[in-house]
1. Restricting to the chain, compute how many DSSP beta bridges are antiparallel as a %, nearest 5.
2. Would you work out if the stretch 185-263 is rounded, prolate or oblate? Take a ≥ b ≥ c from the square roots of the eigenvalues of the alpha-carbon gyration tensor; rounded if a/c is under 1.5, else prolate when a/b is larger than b/c, oblate otherwise.
3. Determine the gain in length on full extension of the stretch residue 358-residue 268; use 0.36 nm per residue of separation and subtract their C-alpha separation, reporting nm with one decimal.
4. For residue 185 and residue 351, compute 0.36 nm times the residue count separating them, minus their Cα-Cα distance, and round to one decimal in nm.
5. Relative contact order (percent) for the stretch 181-330, with alpha-carbon contacts under 8 angstrom and 6 or more residues of separation?
6. Using alpha-carbon positions, what is the distance between the centroids of the stretch 18-86 and the stretch 138-194, in Å?
7. Over the stretch 259-360, calculate the relative contact order: mean separation of alpha carbon pairs under 8 Å at least 6 apart, over the residue count, as a percent.
8. Determine how many Å³ per residue the convex hull of the Cα atoms of the stretch 234-361 encloses.
Ligand SMILES: *Cc1c(COP(=O)(O)O)cnc(C)c1O
């Protein structure tokens, strides 16, 4: 059996050690005679898995006690839709900073029910840069300011936490959570679908400052209410136990590897290597994002001649480098290099790219 280096944007590659552990535990979890996915979510076995996952994520991210951690279903998109229901009064303004496809999606989820103000928009510039902070038009009375920390498709990443004063800051960290140390106390809400950097698709993480849960929000069903989810320990209905368990294994793996500081160093080296190959290719490869906001997680790039796209992808696949095709919105290529992508994978891609250029340049 040979595993390729998989550059998929999401669902994305998982640590091989985690997959092997899940495989070993698949039929008989810790001697109970059943798989963890065959047991009640309210039984002692899964309750232990859930508690450890939360404790490990808290340790990884140094999440302060005045923040709640929820493990929910519905992905990042559902989390986007639930923001105004939980945190904005009817008619209250909410501010959105749109720096790519996912920021636009976040806005789309809330437009129908709140007064959504686009405080800044990178679309006119093709999302190749982040509008300067002093150009943002924030509302005076916004319930929150939403931004996308890393734009997975456009490859644009905030390198600093934006200062929005006392208004709660909501960050979509779906593709960059746990990729480097983060000061959680600067946020009102941090949310992320798991399938990029945390584990398998099907579970999402919402980290929320507890005082915000006391906000009235808007009339909503219990299943859409974060307060109820907290009270019900993220188990108002049957949770995605398999996904939650796998995410928990990823957290343990990350802690054993050295935590977010170690991954930040690896991620800096991996992305610098790829951008270096692109920038030193004399225009054979091209990345159009402003250097200061280039993503460390998703590296979109184009070949100078589109006719080379197909041979590039085919030869990459032969070399054991898969899922490099860019998002259909942008075309070209994209290498997603989350925590679980080993440095050897990025080194192999860099070597392949240089060789491909030699053959076709
Ligand atoms: C993938 C992604 C989403 C959408 O996630 P789903 O879990 O599919 O809803 C939202 N935001 C960002 C930044 C993403 O990368």
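The numbers here are math on the coordinates, done by the rules we state, and not lab data. Note that the structure is a prediction, hence the values are computed from the model and not measured. Note: ideal-geometry Cβ built from the backbone for every residue, glycine included; neighbour counts use all protein chains shown.
1. In the chain, approximately 55 percent of DSSP beta bridges are antiparallel ones.
2. Oblate, because a/c is 1.5 or more while a/b does not exceed b/c.
3. 29.8 nm
4. Computed gain between residue 185 and residue 351 is 55.7 nm.
5. 14 percent
6. The two parts, judged by their Cα centres, are 23 Å apart.
7. Details: 110 pairs, mean separation 31.4, N = 102.
In percent, rounded to a whole number, it is 31.
8. With only Cα atoms used, the stretch 234-361 gives 153 Å³ per residue.
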